Every structure is written in structure tokens, then in C-alpha cells.
Amino acid sequence: MGETHNHEHNHQPPPQQAAAPPAMPLGSARGPMFPPAEQLLQLHYCIHSNPSWPQTVLLAFQHYIVMLGTTVMIATVLVPQMGGGPGDKARVIQSLLFTSGVNTLLQTLFGTRLPTVMGPSFAYIISALSVINDLSDSNFRSEHERFEHTMRAIQGSLIVSSFINIILGYGQAWGNLTRFFSPVVITPLVCVVGLGLFGRGFPQVGDCIEIGLPMLILLVISQQYMQRVHPVAQSILERFALLLCIGFIWAFAAILTVAGAYNHVKEQTKMNCRIDHSFLLSSAPWIKVPYPFQWGTPIFRASNVFGMMGAALVSAAESTATFYAASRLAGATPPPAHVVSRSIGLQGIGQLFDGFFGAIVGTTASVENVGLLGLTRVGSRRVVQISTAFMIFFSIFGKFGAFFAQIPLPIFAAIYCILYGIVAAIGISFIQFANKNSMRNIYVLGVSLFLGISIPQYFVMNTDIAGHGPVRTPAGWFNDILNTIFSSPPTVATIVGTVVDNTLEARHSYDDRGIPWLVPFQRRKGDSRNEEFYSYPLRINEYIPSRFL
């Protein structure tokens with residue numbers, strides 16, 4: 001009995017020990033970990049939802065005011081160098097507003113369907129300066145004649161170069177390019193579309209620091225801090241603080257102007273600070289409907305067209321980055337490849353429209369207006385569509401449009417300091433869908449970000465007032481193309497990021513790059529939400545061949 005007892009005792013299983021808890025990631029015990037979020041959850045209104053009609057109209061007017069700043073800046077830079085006076089500048093602003101309104105409406109209906117304003121693009125500045133410089137030695141009877149001749153040459157260049165985006169878009173080539181994008185490429189692409197515009201931020205605030213700096217400080221305090229004082233103040237200030245701040249600082253600038261603070265200052269200071277020195281209100285017509293070829297028959301010169309082709313490519317890259325930012329700030333999924341293609345094709349048609357109606361530059365997706373989506377947390381498509389009514393109305397009734405166009409530019413620059421920063425930050429959020437701890441991804445991201453800002457800065461610093469950049473070969477058309485392309489941060493970031501990401505251990509880093517997350521959104525029917533956000537209205541897609549969708 002004893003042996004049997006010992007035998008059984010010796011064969012009993014060892015006592016089970018309590019299972020050790022699973023190892024937790026480093027740092028998880030010190031705070032919460034936030035999983036990736038495909039859509040922002042803190043938006044008050046997404047792409048399909050709409051505020052009340054009074055709020056919609058005010059928000060739409062706010063979008064108009066924001067895009068007006070870039071419109072006035074471009075006209076202020078180019079029109080005087082073309083020989084135009086205040087009256088010509090007023091008509092150019094009217095034309096830009098009209099074409100922007102029409103192109104925005106078309107893009108929200110038949111393009112990406114995202115709430116993006118299509119505004120005038122700085123990408124065309126170098127090409128426009130090149131046209132101005134080519135005609136500088138010509139003899140004209142008056143400066144106004146030189147202005148009209150230059151406008152006709154720019155018109156011809158816009159018309160011909162528009163076919164680049166039409167072919168790339170509706171030929172699906174641009175969408176196929178975006179299939180090489182991963183979250184590691186999209187992150188720097190969207191980041192630099194905001195960061196690359198730093199020159200239009202505080203440097204221009206400093207042009208009239210007593211107006212620009214108070215605007216910047218007041219906007220931050222009222223929109224972010226004062227809204228927490230009372231629940232009623234929260235909804236008002238969060239959405240309309242920008243309008244209130246503009247009105248307050250604009251009145252402050254008017255007081256300084258009337259008090260004589262700028263009577264004995266430099267001419268440039270008067271231009272930046274006074275509210276009456278642009279002479280737009282006195283020069284603008286009461287009613288003037290923009291019409292095709294209002295400056296005369298377009299002039300087609302091959303040397304000018306090639307530079308505009310480079311600008312068209314740059315505007316396509318900038319719009320693509322802006323569309324990705326808008327998709328997150330509107331609560332939508334990333335735009336599929338076929339949607340990006342058709343939007344760039346429609347942008348080409350919009351540039352053709354710009355050339356017909358005599359716009360001084362082509363249009364692109366407005367970065368600042370996308371930033372406004374994040375500032376107000378309202379990503380409604382309807383708001384942006386209603387804003388086109390303000391653009392078209394003020395383009396026809398010139399005196400009313402000129403009244404708001406007299407807002408000093410440092411006020412707009414202070415606004416851009418916030419809005420461009422929001423777009424840059426939303427670009428950072430795309431890296432959550434890739435491996436943030438991969439040294440390979442860190443390398444691609446860092447190189448793309450730095451070169452995307454550094455290379456364009458080199459080209460901008462070495463470009464003279466006539467638009468001649470550092471590339472100066474005997475072929476002027478070749479110079480214009482390269483100088484335009486490499487002066488654009490989003491374009492350079494796209495080139496560097498796409499090449500490096502798709503050649504550096506691409507196959508072995510498929511999951512780390514975030515490709516499995518992005519691929520369903522790039523395909524037409526890869527994710528069920530693609531049709532929800534990007535399908536044509538009124539079942540138009542049933543009547544259009546699929547290759548053009």
C-alpha cells in the first residue's frame with residue numbers, strides 16, 4: 001500500500017502556476033494608447049451633413065473672404081508689372097473671382113465632390129512673369145496697351161497648357177500615379193502643401209506688424225480660448241471668430257488710416273497698411289459681367305506655353321495634396337485613384353475656362369479654405385457650394401467686391417498662419433496608418449519633408465524679379481518648366497517621396513508602409529464608402545462611360 005501510494009504521488013502533475021500577464025508595449029502603462037482613426041470624430045458637420053441655412057450662408061461668406069486674400073495678392077503682384085492700373089487690377093480680380101466660383105461649383109459637383117474651393121494659384125506666377133519679361137522690350141503706345149497685350153499672351157498660354165491636365169486626368173494617368181502613394185508619401189505631400197507656404201504667413205504679417213500681429217493674436221485667443229467661457233460663445237466663436245476678428249482689426253486699420261498714422265511713411269507701407277491706398281473702390285465698375293476674350297484675341301507663343309505646362313503640372317500636384325487633406329477634414333475617406341484623375345481632368349477644363357475668360361493665372365484647390373474646414377470643424381459640401389454664389393455675385397457687382405478687396409493683406413497673412421498650419425498638421429495624421437517606428441519609414445519621411453521645402457527654397461531665393469530661376473540654359477522654355485516644377489514644395493515632395501518609397505525595400509516593407517490600409521480606398525469598389533462620398537449626383541454615372549469616371 002505504501003509503495004502504491006508513493007508511486008501515485010510521484011506521478012502527479014506539477015502544480016500549475018498563475019499565467020504571467022501579457023507583455024505591454026513600452027509606455028502603455030503610463031497613459032492611454034490611441035488607435036488609428038480613418039475619419040475624424042470631432043467634426044460638427046461632415047461632407048453630407050449641413051448646418052442651418054443662416055449658419056451655412058455665414059460660413060459660405062467666410063470661405064469667400066478667405067479665398068479673396070490670395071486673389072488680391074496675385075493681382076497685386078502681377079498687374080502693376082504688366083502695366084495695368086487700379087482699374088485693370090479691379091477687373092482682373094473680378095475675372096479671378098468669376099472663374100473661381102464656376103470652377104469650384106463644377107469641382108464639387110463633378111470632380112472630387114469634396115468641399116474644396118478652387119482658387120487662383122501662385123504656381124503660375126513664374127510663368128506669368130516670364131511672359132511679362134518676354135514682352136518688356138516691345139513698343140506699345142501706352143501702358144494699358146502693354147497690359148492688354150500681356151493678358152492676351154497669358155490667355156493663350158493658359159488655353160494650350162490646359163490640355164496637359166485634361167489628358168493626364170481623363171486619360172487616368174494621374175490616378176495611376178497616385179497608386180504608387182502610401183501613407184509614408186501622403187504624409188510629407190500634405191505637410192509641405194501647408195508648410196511650403198510659410199512665405200505668405202508671418203513674413204507678410206511683418207509688412208504691417210501693428211495690424212497683422214493683433215489679428216493673429218486675437219484670432220487665436222477668441223477662436224480657441226474665449227469659446228470656453230460660455231456654451232453660447234463656443235458655437236459662435238468656433239465657427240465665426242474669423243469674421244469677427246477681420247471686422248474688428250479692419251476697423252482698427254481704418255482708424256489708423258483716418259488718424260494720419262500712415263501719412264508720412266514709405267509707399268510700400270501705405271500699400272500694406274492703409275485701407276484706401278489700393279484705389280480699387282473708386283476704380284471698379286458698378287456692374288461688369290466677365291465674358292470670353294474680354295481682353296482681346298488670345299496670343300499663342302510656343303516659348304510661353306511650355307512654362308505654363310510646368311505650372312499646370314505643379315497645380316495638379318498641389319491640388320492632389322489638398323484633396324487628401326480635405327478628405328480628412330470633411331470626414332470622408334481618401335479619394336480613390338479614379339476620383340483624383342477625373343478631378344485633375346476637370347481642373348484642366350477649368351484652366352481652359354480661365355484662359356477663355358481672361359484670368360491672369362489658372363486655378364487650383366485652395367489650401368487656406370481647406371484649413372478653414374478644420375478651424376470651424378464644418379466640412380459640409382453645401383457650404384462651399386453656396387460660397388460660389390458670393391464669388392460670382394461680387395465678380396459682377398464690382399463696387400461691392402472692391403469694398404472687401406480693400407482689406408489690408410497683412411490681415412489675410414495672419415489668417416494664413418493658422419490655416420496653413422492646420423493643413424500641415426492634418427498631413428502628419430496620415431502617418432498613423434503606417435509603422436511610425438520603422439527606421440526605413442522615418443528615413444523616407446524625413447528626406448521627403450526636408451527636400452520638399454529646401455529645394456524649392458533654393459529655387460525661390462535664386463529667382464529674380466523677372467522670373468528667371470537658377471536653371472538658365474539657352475532654351476528658355478526648358479528653364480521655365482524646371483524652374484516652375486522645382487519651386488513647388490508639393491511637387492518636389494511628390495517626386496522625392498514616390499521614388500524613394502517605391503525603390504527602397506518596397507516589397508519587404510509592404511505592411512510597414514501602410515499599403516494594406518490604403519489599397520481599398522484607391523480602388524473604385526475597394527471600400528463601400530467610396531461610392532457614398534464620391535459618386536456623381538443624380539445618377540449621372542449611369543450615362544458616362546466608366547473610363548471617364
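The values are calculated or read from the model by the stated rules, or taken from the named source; none is laboratory data. What you see is a predicted model, and the numbers here were worked out from it, not measured in a lab. Neighbour counts are summed over all protein chains in view; Cβ atoms, including those assigned to glycine, are modelled from backbone coordinates with ideal geometry. Just the protein is used for accessible areas: all its heavy atoms, side chains included, with ligands, DNA and RNA removed. Shrake-Rupley method; radii C 1.70, N 1.55, O 1.52, S 1.80 Å.
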It is to be established whether one or more residues within region 206-226 are surrounded by fewer than 16 Cβ atoms within 10 Å (Cβ to Cβ), hydroxyl-bearing (Ser, Thr, Tyr) and in contact (Cβ under 8 Å) with a residue 12 or more places away in the chain. no
Could you tell me how many of the residues in region 474-490 are touching a helix residue (DSSP H, G or I) at 6+ places or on another chain (Cβ under 6 Å) and not in a helix (DSSP H, G or I)? 3
Considering only helices (runs of 4 or more DSSP H) fully contained in region 74-187, which possess at least 1 residues that are in contact (Cβ under 8 Å) with a residue 12 or more places away in the chain and under 26 Å from GLY331 (Cβ atoms)? 86-110, 143-170, 173-178
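Residue-by-condition table, conditions (1) in contact with a Leu (Cβ under 7 Å, 6 or more places away or on another chain); (2) modelled with pLDDT under 95; (3) assigned to a helix (DSSP H, G or I):
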{"position": "VAL423", "(1), (2), (3)": "no, no, yes"}
{"position": "ILE426", "(1), (2), (3)": "yes, no, yes"}
{"position": "SER448", "(1), (2), (3)": "no, no, yes"}
{"position": "LEU451", "(1), (2), (3)": "no, no, yes"}
{"position": "VAL460", "(1), (2), (3)": "no, yes, yes"}
Where PRO456 falls short, out of the listed (1) buried (at least 18 other Cβ atoms within 10 Å of the Cβ); (2) part of a loop (DSSP other than H, G, I, E, B): (2)
Search region 429-453 for residues being within 20 Å of the chain's Cα centre (by Cα) and surrounded by 15 or more Cβ atoms within 10 Å (Cβ to Cβ), and hand back the single one that is farthest from THR322 (Cα to Cα). LEU451
Tally time: how many residues in region 393-408 are part of a helix (DSSP H, G or I), open to solvent by 10 Å² or more (accessible area, probe 1.4 Å), out of contact with any Leu (no Cβ under 7 Å at 6 or more places or on another chain) and not aliphatic (A, V, I, L, M)? 2
Could you list all residues from region 428-446 that are part of a helix (DSSP H, G or I) and of a type in the set (A, V, I, L, M)? ILE428, ILE431, MET439, ILE442, VAL444, LEU445
Tell me, which helices (runs of 4 or more DSSP H) lie completely within region 264-343 with 3 or more residues that are closer than 17 Å to ILE166 by Cβ and either among the aliphatic types (A, V, I, L, M) or open to solvent by less than 20 Å² (accessible area, probe 1.4 Å) (or both)? 302-329
